[in-house]
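Report on one structure; see the data block that follows.
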Amino acid sequence: MTQQLDLRRLPAVGSFLRRLSADRPARAVYVALALLIVVGWLLFALDGGRFLSQENIVGIQQRSAALGIVAVGQTLVILAGSLDLSVAYLISLTTLVAAETMGGADAGVPVAVAAVLAVSATAGLVNGLIVTRLRVHAFIATLGVALVIRGVLDDRYDGPAGSVPESFQHLGYDRVGPLPVSALLWAAVAASAWFLLSRTRLGCRIYAVGGDAEVARLSGVRGERVVVAAHVLCSLCAGIAGLLLASRLGAGAPTVGTDGGYDLESIAAVVIGGTALAGGRGGVAGTVGGVLLLAVLDSIFNQLEVDSFAKDVVRGVVLVAALAIHARRRTA
Amino acid sequence: MRRALPILVVLAGLLAVIAVAQPNFLAPAALLAFVKRAAPLVILAAGQYFVIVSGEYDLSVGSLVTAEVVVAARLLDGSAEATWPVLALLVVLGLLVGLVNGVVTTLLRVPSFISTLGMLLILSGAIFLWTGGAPRGALPPQFRELGRGSLGPVPWSVLVLVAVAAGAICAMRAGFGHTLIAAGDNDRAAALSGVHVARVRTVAFMVSGLSAAVAAILLGGFAGVSAQVGQGLEFQAITAVVLGGVALGGGRGSVVAAMAGAFTLEALFTLLNLYGVSGALEPAVQGVIIIAAVALGGMSLPRGRAAAAS
Amino acid sequence: MHDCVLKMTGITKSFQGVRVLDGVDLEASAGEVHAVVGENGAGKSTLMKILAGAHAPDGGSVEIDGRTVVFGHPVQAQRAGVAIMHQELSLLPERTVAENVFLGREPVRRGLVDRAAMESATAELLDSVGEESFGPRDLVRRLPVARRQVVEIAKALSLNARIVVMDEPTAALAEHEAELLHTLVRRLASRGIAILYVSHRLREILDLADRITVLKDGSRVTTADASTMDAPTLVRLMIGRELDSYYPPRAAEPPGPVKLSVRGGGNARLRGIDLDLRAGEIVGLAGLQGSGRTELAKALFGAAPFTSGEMTPCRPCSVREGIAAGIGLVTEDRKAEGLLLNQPVRDNALLVTRATRMRRPGIERLLERVGLGPLRPTQEVRLLSGGNQQKVVLARWVAAAPRVLLLDEPTRGVDVGAKAAIHELTRELARDGTAVLMISSELPELIGMSDRIVVLRDGRIAGALPAGSTEESVMRLAAAS
Amino acid sequence: MRSTPRRLLASAALAVLTLPAAACTSDRPPPSASAAPAGSGGPRDDRGTGAQSKFFVRADYDAQMAMRRARPSGSPARPWEQSIAPRLVDTTRYKKAPPYHVCFSNAAVDNPWRQVGWKTMQAEAALHEEIGRLTALDAEGKDDKQISDIAELQDKGCDVLIVSPNTTATLTPAVSAACAKVPVIVFDRGVRTDCPVTFIKPIGGYAFGAEAAEFLIGKVPPGGKILALRILPGVDVLETRWSAAKVAFDKSDLDVVGVEFTDGDAARTKSIVSDYIQRHGRIDGVWMDAGATAVAAVEAFEDAGLPVPPINGEDQQDFLKKWNDAKLTAIAPTYPTYQWRTPVIAALKILKGEPVPKAWNLPQPTITQENLATYLKPGMPPLHYALCGCEDLPGYPEKWGGTS
């Protein structure tokens, strides 16, 4: 009978897609992405390139993997009604932890991965506890933690350090057909986060706490734990991105996170994907779309050899326009 | 004033510690030099305060400062004649950027974190697109007088700071200030009492833009044209304001406290430098102190309110 | 009816020294619809909140199925089988129906949320209450308000609640929507659930309830079978006192010129409003919750303007135009729409005059005028008592010397002394030539204060009554259908 | 009301927190990046220059010191084609018929030096008809993006790949991978592989740092107080400059009173110099690892009403103009932007099968009082680099932001 009910209420076709985008706002970003791909294809054709060439597709994936992983983590904290500005420095720190622990030896890889995850989980825990226990606004709390990590970096490192064994570099460079391993890693992280949000209690509670902390409390949800968990998961994502970058770079680099602008760019990708900055609405599907949108934009910029300053202008306009459109759709 | 008391106590303490390490610090000349150095950040913090107390953020001030300096250099190109018109233009540019920030935030309902982040990207890109990647031209001595010169023993920038501070305090005491705080505290109630919430918030962004213009004139004057002049100033300004006990989310805190917060931050830099915590560990100490300050500030608030603010 | 599920005995509760409940007894049996009625401030909501674990009682005991229970948190009450449907719905609009129903108790299989189980269980729950217009995967945001209540009910059912508390469930519903809800309530009762039903709509109570408990001033007046009751009796029991004499005397002179006039005013919630407010006159606006009283006040003020019809001095007024034309509104929800909680008294009291750049009166004299003379203007408003907070809001409008003042529940949550002061002030303003429209759910107050009473029902004006009308006549107009 | 004492308490706590934070860090050994303690009471080693940078490589240092005295081959009028002690490698296997598709992976164009260089390279490429197309990707200072860019360029049908790496260590794997497919030319910063056909660079950072330090040692009387200003730690090309200067200062009688990081920020530089003037009464010489903020340092002395001590800058016009106008005792070692022309020239040589030096060391002129006038170019923007070698290129000076 239940089956019948489901069939009656939801057409079987599209039900999977619909569930995938439990965050409906994600649709807008995919429409935009599709349009951009068409535009890109046209521009490439005019410019004498092939947009859908394997190289370009691989390039788009390679460029978006690290940002994508961080943005997935950022999605979790933003959905929970918080924010993380410390990811960029944390990424730098974790590349160094990874490369130094490995020290170029294969044997070091498992230890290094464990160390990176431990370091990043600790950072997330600290972020989460400062936000919930000390009740410091997430903006200031994570900015403060970012400064602390920066101090550690400045104090201990003055350039790339450590080295990553060949075996670990497969993570950053290998690919399966048109799919780079890094993109598969990103896909795995995104899928896990999607799974977490839609299929675990923690996921449901992240939405609840971000949506209305009081309603969540009345339903017996312990909001503080949820926020801390979201911060830990976000930092773990930053740690994974750090591992990926370490494997790409072959070493740890104290500025790779900030050079990449992973803090503000990940937030931008999340909100372009339709997740509300205030929390409680949105999801990973939108974020993946947001990251891909930025990556396709980059790919077009690359093909047209656009000046980096013009890129910034376009990115700024895209960001504001995307949010204005989301705001309109909300009220319409 | 009462709300500014805690941060003033901290500031006095820091200045005392600096004076212990460097006894001549409290001499008028050294103190004036300190105020002169702090002036741009204090002015930016005052501007940022208006935005924060109305319940928003302005992340665009740093790149606006850079843009202003670069525009001035390119337009003036080392010649003095156009100094006054260009100064006026910089002020207009600052107001205009604030206006756009405000309109996008209030009318298009884009969260200010994002609208001003977008503005940051647009400004830093557009300005170098215009100058071809690096600053061009130069700032003539006449332009630089405000940031570099002094009237008798008192640097011009200190006088500008005094004027800005007086203006900010007056504005906050006037009807505008009260409606601004009202909008930040409870925008619904304010709107139902006849406050034009969108307008006062937009004006707050314009004040912030204006403060960035003034800070740019002082910074450009102090050190000349550079592409890095505004880097990171937005976070410093926000930090200073929050350090002054002003709550993110709006409606709480005074402009005097925000400016005192900026002085405190500058004093902290000086102190760390003086004790040899130069470079490396400075950010770490800064980070810990900011979190601690805000956490302690939050302790005196009732539970519910502080939880809502996070 | 013999299966007593709930037994509350001698419940006592005070807030800041004011006794809100005084030894109240209440019991409910399985399968019973037990209505709790009383005027505003009679203590109904507090009693229900104690039952739901949101407040702890100062004295008395709660027994469920014969066992004494003590709740420290709403979740404990839920576990014990008590579900409450709040006046303000506690749902997450961005989540699906199923997610809301199972929030905090998501079914888990092998460590994962079993969505299929959750959705099919929700579907069954919806089915069992005959709900077909939406499914478990729909977003709550997309549902009309009436349907959201069904979600709350489904949630209560999913808790296997033995006792369901419904606090004014039909307040925001139109007539036909309320009918649907009644069907639902009966169905729940037929499953053996005890339902505590709080409502102001007497007719619906008489139709729906098996037993009725009447509260007055924090005490129980009676509990009786609904079949033995009729509306006049109920009203008499609820009010149960002579019209108090402490209301300030009405104006001696006839009202002055029309200060505000509406003809055929309508919008999404209102239809065909014809209304004149005259200088020196206090018009009482009566109506059940959800009848459109607040909406009318906001339409007159310009916060949610009329979209059709004619209005002078301006139509459609924006808030600022309204204020400029001399219209003021004291909102119903003081905290959300009235006060700047973190600001001092002075800034709150001068907000309107500052925002509209009117000439400002001296703060001392202003506070004196509204009876806040001894208060320091620098004191933060959030630290004041409810009565003083309300006086601060009033001061804001007194400062603006409005020609028309709209008061939406001006004495809600205010102690007796402050109430009298507010009444006095209101009459004084009228005497000085202000046209006053006063909304109140407390009929004695409305009747005591008003020179004329306009009754609203379902967004329309149901009729007008002269000064000194009886509560029964007002109720009859307001509740008739 | 109740909150006031608590706030005071909070402030007091904050003050207490601040003190030990400052106090307990004051006796730390200076951080590895050799930032010397600035406080007069702080501990310091004999020279105040701190520990030697871990970037210091003795052999490279010695090689560069030798090159400073060497005579480059080729025409002195075209220094970008000159090379010092070239060891030519055969390139006939790369020989191809034009038109050529030249690809360039650029680390960034985020500072004036790279801006001038990039414009110079574009102009150089435009000179040659054999170059059918120049495809350039800007990594915007991101290592990860540059790695992707290099991979992407390999598939764009490039005949030769020029790389200006963002960092040395991290770009090595990507460059190694590219070597297998196309001839690679690396310039400015190197990579840790010798697979590129040629690596182009001026003599290098040690030479820069030593040149400036030796000038100060010559001009400042013994015992004079030197302030060393560095942009930021950890950048190899800058670390080498300081480490060579440190070697020189350690051997001298000069007292290095401070080594400070300026972040390349003019305002910060000026503040730091003012602080040192105030703290030490006078500063007798200023060493800088880059010229961008030299003018700000000079102004700090001017604003304090003091004569400007011997100082070094770089070949940026604002410094040269200041030097000339204020009659400074100064020197400007350079890291010439004309090196951006060389990779294009090298690319053509390689594709034509002509031999190129494996390590193409360009001469690295120093601007002194004697030749200052030749490098002073009124009409060029203040941040223009005099040694762009671009004066003979089409579009000069407008393309570089100047006026003729």
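The values are calculated or read from the model by the stated rules, or taken from the named source; none is laboratory data. Note that the structure is predicted; figures quoted are calculated from it, not measured. Because the Cβ atoms are built from the backbone with ideal geometry, glycine has one as well, and the counts that use them run over all protein chains shown.
See the values below:
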{"quantity": "Verdict on residue D:239 being at pLDDT below 90, in a strand (DSSP E or B) and within 13 Å of another protein chain (Cβ to nearest Cβ)", "calculated": "no"}
{"quantity": "Among (1) buried (at least 19 other Cβ atoms within 10 Å of the Cβ); (2) within 13 Å of chain B (Cβ to nearest Cβ); (3) at negative phi; (4) in contact with a strand residue (DSSP E or B) (Cβ under 8 Å, 6 or more places away or on another chain) - the single one residue C:302 does not satisfy", "calculated": "(3)"}
{"quantity": "Among the candidates D:307, D:381, D:355, D:343, residue that is out of contact with any Asp or Glu (no Cβ under 8 Å at 6 or more places or on another chain), surrounded by fewer than 23 Cβ atoms within 10 Å (Cβ to Cβ) and either farther than 18 Å from residue D:289 by Cβ or among the aliphatic types (A, V, I, L, M) (or both)", "calculated": "D:307"}
{"quantity": "Conditions (1) assigned to a helix (DSSP H, G or I); (2) within 7 Å of another protein chain (Cβ to nearest Cβ); number of the one not met by residue A:220", "calculated": "(1)"}
{"quantity": "Those residues of region D:82-117 which are more than 14 Å from every other protein chain (Cβ to nearest Cβ), farther than 26 Å from residue D:209 by Cβ, surrounded by 13 or more Cβ atoms within 10 Å (Cβ to Cβ) and touching a helix residue (DSSP H, G or I) at 6+ places or on another chain (Cβ under 8 Å), in sequence order", "calculated": "D:91, D:94, D:96, D:98, D:100"}
{"quantity": "Members of region C:222-235 found to be surrounded by fewer than 20 Cβ atoms within 10 Å (Cβ to Cβ) and in contact (Cβ under 8 Å) with a residue 24 or more places away in the chain, listed by number", "calculated": "C:223, C:226, C:230, C:231, C:232"}
{"quantity": "Residue identified as modelled with pLDDT under 90 and more than 14 Å from every other protein chain (Cβ to nearest Cβ) among D:74, D:39, D:48", "calculated": "D:74"}
{"quantity": "Selection count, region C:57-81, where residues are part of a strand (DSSP E or B) and over 28 Å from residue C:154 (Cβ atoms)", "calculated": "4"}
{"quantity": "Conditions (1) crowded, with 23+ Cβ neighbours inside 10 Å; (2) assigned to a helix (DSSP H, G or I); (3) in contact (Cβ under 8 Å) with a residue 60 or more places away in the chain; number of the one not met by residue D:272", "calculated": "(3)"}
{"quantity": "Answer residue from region A:131-151, given it is more than 24 Å from the chain's Cα centre (by Cα) and either within 27 Å of residue D:230 (Cβ to Cβ) or more than 7 Å from every other protein chain (Cβ to nearest Cβ) (or both) and is surrounded by the fewest Cβ atoms within 10 Å (Cβ to Cβ) among those", "calculated": "A:133"}
{"quantity": "Pick from region A:273-327, criterion charged (D, E, K, R) and at the interface with chain B (Cβ under 8 Å from one of its Cβ atoms), ranking: farthest from residue A:73 (Cα to Cα)", "calculated": "A:307"}
{"quantity": "Subset of region D:69-80 that is touching a strand residue (DSSP E or B) at 6+ places or on another chain (Cβ under 9 Å) and over 30 Å from residue D:148 (Cα atoms) - its residue that is surrounded by the most Cβ atoms within 10 Å (Cβ to Cβ)", "calculated": "D:79"}
{"quantity": "Residue check for residue D:133: farther than 20 Å from residue A:303 by Cα, within 14 Å of chain A (Cβ to nearest Cβ) and free of Cβ contacts under 8 Å to residues at least 60 places away in the same chain", "calculated": "no"}
{"quantity": "Looking only at region A:136-161, and only at residues there that are outside any helix (DSSP H, G or I) and at pLDDT 90 or above, the one that is farthest from residue A:85 (Cα to Cα)", "calculated": "A:136"}
{"quantity": "All helices (runs of 4 or more DSSP H) inside region C:84-170 with 2 or more residues being crowded, with 17+ Cβ neighbours inside 10 Å, without any contact (Cβ under 8 Å) to a residue 12 or more places away in the chain and more than 9 Å from chain A (Cβ to nearest Cβ)", "calculated": "none"}
{"quantity": "Filtered residue count, region B:195-215, keeping only those that are more than 11 Å from every other protein chain (Cβ to nearest Cβ) and either in contact with a Lys or Arg (Cβ under 7 Å, 6 or more places away or on another chain) or under 23 Å from residue B:166 (Cβ atoms) (or both)", "calculated": "12"}
{"quantity": "Answer from A:247, A:235 - the residue that is polar (S, T, N, Q), in contact with a His (Cβ under 8 Å, 6 or more places away or on another chain) and away from chain B (no Cβ under 14 Å)", "calculated": "A:247"}
{"quantity": "Selection from region B:98-112 of residues that are within 18 Å of the chain's Cα centre (by Cα) and farther than 12 Å from residue B:207 by Cβ", "calculated": "B:112"}
